[in-house]
Amino acid sequence: MSGRVLLTGGAGYIGSHTCVELVEAGFEVVILDNFSNARRDVIDRLEVLTGAPVICHEADVLDRDALDRVFAAHDFDAVVHFAGKKAVGESVAQPLDYFHTNCTGFSNLLQAMDRAGVRRVVFSSTATVYGKPEVLPYPEDHPLRPESPYAANKLVCENLLRQVKAADDRWSYGILRYFNPAGAHPSALIGEDPNDIPNNLMPYIAKVATGELPCLRVFGDDYDTPDGTGVRDYIHVVDLARGHVQSLKLLIGQDQSHIVNLSTGQGFSVLDMLRAYERACGKELPYEVVGRRAGDLAAFWGDPSRARDLLGFETTRDLDDMCATSWAWVSRRKNS
Ligand code: UDP
């Protein structure tokens, strides 16, 4: 299948991996990114990986004129929207900033798309829209009770998409609810590259492994889980990226809107992750157990069956692969 796709936030962690998978699947890709949480050399690395020039507009989704200029410059078939702020803890401290970037930015984008007559969009949502689990694995029709401003922003955007489609049936959307992305591209040319001290588990363990941080702090070992530490559904970023290609194919090929979990259906604990990373880097990693992190859930994982049935989505990479590719990426980055 072919088509020209705008990736907002395409220089970021998930966006960059999706760019590679889309080009490999035959799509033409244009990136829009403000580089607030991505490095400019990602674009050069994407050119090496895809073997082709990568067009990138440095712009912000809050800049409506810039959006119009990008849509006027290219004839897009669809948009994949990643651009946004994603730190749950920061969203609690900065709810106005988060709403502005994540919700106003998205509504600006949809308006620019409408003006340009581009009405297919894949949206990066999150499993945190579900809130406290009533059943596990979470099915897509689980009640939606977001507990952080970040998760609430994502639900606002999901609802906006449903309303926009109800008002004008020419729209179609794919809402992808991500579980916990981890790992890096097997080339070790792109991966997660947080500007500050990471909040998420895998990039934090990676920095302990490289010696940039002294010790993992395990947030609680008294949860009702097999080893007492928090359990999550970690999904390899390349599998996640492939989910976007399959979502786009369903939109472009069959005009079929959908809401799906991108998950493996399996949960692993913090200590499972630490042990897997130790196997990947070949050394013991120091950790200490500290108190629970405010707002954390004990355990959740997703039901992958709708994604499999609708998109043909299957994950193929396991926890060891996530850790091995992460370790290869951070080792290379540290030595470059
Ligand atoms: N976690 C931890 N130490 C850290 C970061 C995370 O023990 O430095 C735990 C956290 O309590 C949770 C799991 O690792 O049980 C995954 O956390 P992450 O922030 O990566 O994802 P989320 O909680 O948003 O699903």
Ignoring ligands, DNA and RNA, what percent of the 1.4 Å accessible area of region 89-165 is carbon and sulfur? 56
Under the definition of Cα pairs under 8 Å and six or more residues apart, what whole-number percent is the relative contact order of the chain? 19
Name the residues whose placed amide hydrogens come within less than 5 Å of the amide hydrogen of VAL289, ignoring near sequence neighbours (fewer than 5 apart) on the same chain. VAL218
Keeping all protein chains in the complex and leaving out DNA, RNA and ligands, what accessible area do you get for MET273 with a 1.4 Å probe, in Å² to the nearest 10? 0
With a cut-off of at most 11 other beta carbons within 10 Å, and DSSP calling the residue loop, which GluC sites (Glu not before Pro) in region 64-161 qualify? Please list them. GLU134
Rounded, prolate or oblate: pick one for region 271-336, where a ≥ b ≥ c are the square roots of the eigenvalues of its C-alpha gyration tensor, a/c under 1.5 means rounded, and failing that, prolate if a/b is larger than b/c, else oblate. oblate
Charge sum, other residues only, whose C-beta stays under 11 Å from HIS57's C-beta, Lys/Arg counted +1 and Asp/Glu -1: -3
With a cut-off of 8 Å between alpha carbons and a minimum separation of six or more residues, what is the relative contact order of region 99-191 in percent? 36
Once phi for every residue in region 40-52 is put through the Karplus expression 6.51 cos²θ - 1.76 cosθ + 1.60 (θ = phi - 60°), the whole-Hz ³J(HN,Hα) values, with Gly and Pro written as x, are 5, 6, 4, 5, 4, 5, 5, 5, 5, 5, 8, x, 8
Positive end of the charge dipole of the chain (Lys, Arg +1 and Asp, Glu -1 on Cβ, about the Cα centre): tell me which of MET322, LEU285, GLY174 has its Cα farthest that way. GLY174
What fraction of the DSSP beta bridges in the chain is antiparallel, stated in percent and rounded to the nearest 5? 5
Which listed residue (THR210, ILE235, GLN163) has the Cα farthest towards the positive end of the charge dipole for region 147-272, taking +1 on Lys and Arg C-beta and -1 on Asp and Glu C-beta about the Cα centre? GLN163
To the nearest 10 degrees, the tilt of helix 13-24 (Cα long axis) against the first principal axis of the alpha carbons of the chain is 60
With a 1.4 Å probe and all protein chains in place, put ILE252, ILE205 in order of accessible area, largest first. ILE252, ILE205
For the chain, compute the number of Lys pairs whose alpha carbons are separated by less than 20 Å, excluding pairs fewer than 8 positions apart on the same chain. 10
Once amide hydrogens are built 1.01 Å from N within the peptide plane, the residues lying 5 or more places from VAL80 or on another chain with amide H under 5 Å from its amide H are LEU6, LEU7, THR8, VAL122
Using the Cβ atoms and a cut-off under 9 Å, what net charge is assigned to the surroundings of VAL42, where Lys and Arg are +1 and Asp and Glu are -1? -1
Low-density loop trypsin sites (Lys or Arg not before Pro), region 275-319, at most 14 other Cβ within 10 Å, DSSP non-H/G/I/E/B, are LYS283, ARG292, ARG293
Exactly which trypsin sites (Lys or Arg not before Pro) in region 23-105 are in a DSSP loop and have at most 16 other Cβ atoms within 10 Å? ARG39, ARG40
Report, by chain and number, residues whose modeled amide H sits under 5 Å from the one on VAL29, excluding near sequence neighbours (fewer than 5 apart, same chain). VAL5
For region 16-138, what's the relative contact order in percent, using C-alpha pairs closer than 8 Å and at least 6 residues apart? 24
What is the gain in length, in nm to one decimal, between ARG64 and GLU47 on full extension, counting 0.36 nm per residue of separation less the C-alpha to C-alpha distance? 3.3 nm
Quote the accessible area belonging to CYS215 in square angstrom, nearest 10, computed with a 1.4 Å probe and with ligands, DNA and RNA left uncounted. 30
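Run the dipole for the chain about the Cα centre, Lys and Arg Cβ at +1, Asp and Glu Cβ at -1, nothing else charged, and hand back the magnitude in debye, nearest 20.
Dipole about the Cα centre, nearest 20: 240 debye.
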May I ask you to give the percent of accessible area on region 180-235 that is carbon plus sulfur, with a probe radius of 1.4 Å? 47
ILE55, ILE197, reordered so the largest accessible area comes first (probe 1.4 Å): ILE197, ILE55
Enter the angle in degrees (range 0 to 90, nearest 10) between the Cα long axis of helix 64-73 and the first principal axis of the Cα atoms of the chain, meaning the one along which they spread out most. 70
Cα gyration tensor shape of region 202-336, rounded if a/c is under 1.5, else prolate or oblate by comparing a/b with b/c: oblate
Rounded to the nearest 500, what is the 222 nm mean residue ellipticity of the chain from helices alone, with -39500 (n - 2.57) per DSSP H run of 4+ residues and division by all residues? -12500 deg cm²/dmol
Computed on Cα atoms only, the convex hull of the chain has an orientation-averaged projected area in nm² of 15.7
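The values are calculated or read from the model by the stated rules, or taken from the named source; none is laboratory data. Keep in mind it's a predicted model, so treat the numbers as computed, not measured. Using ideal geometry, Cβ is built from the backbone for each residue, glycine included, and neighbour counts are taken over all protein chains shown. Ligands, DNA and RNA are stripped out before the accessible areas are found, and what is left, the full protein with its side chains, is counted by its heavy atoms. Shrake-Rupley method; radii C 1.70, N 1.55, O 1.52, S 1.80 Å.
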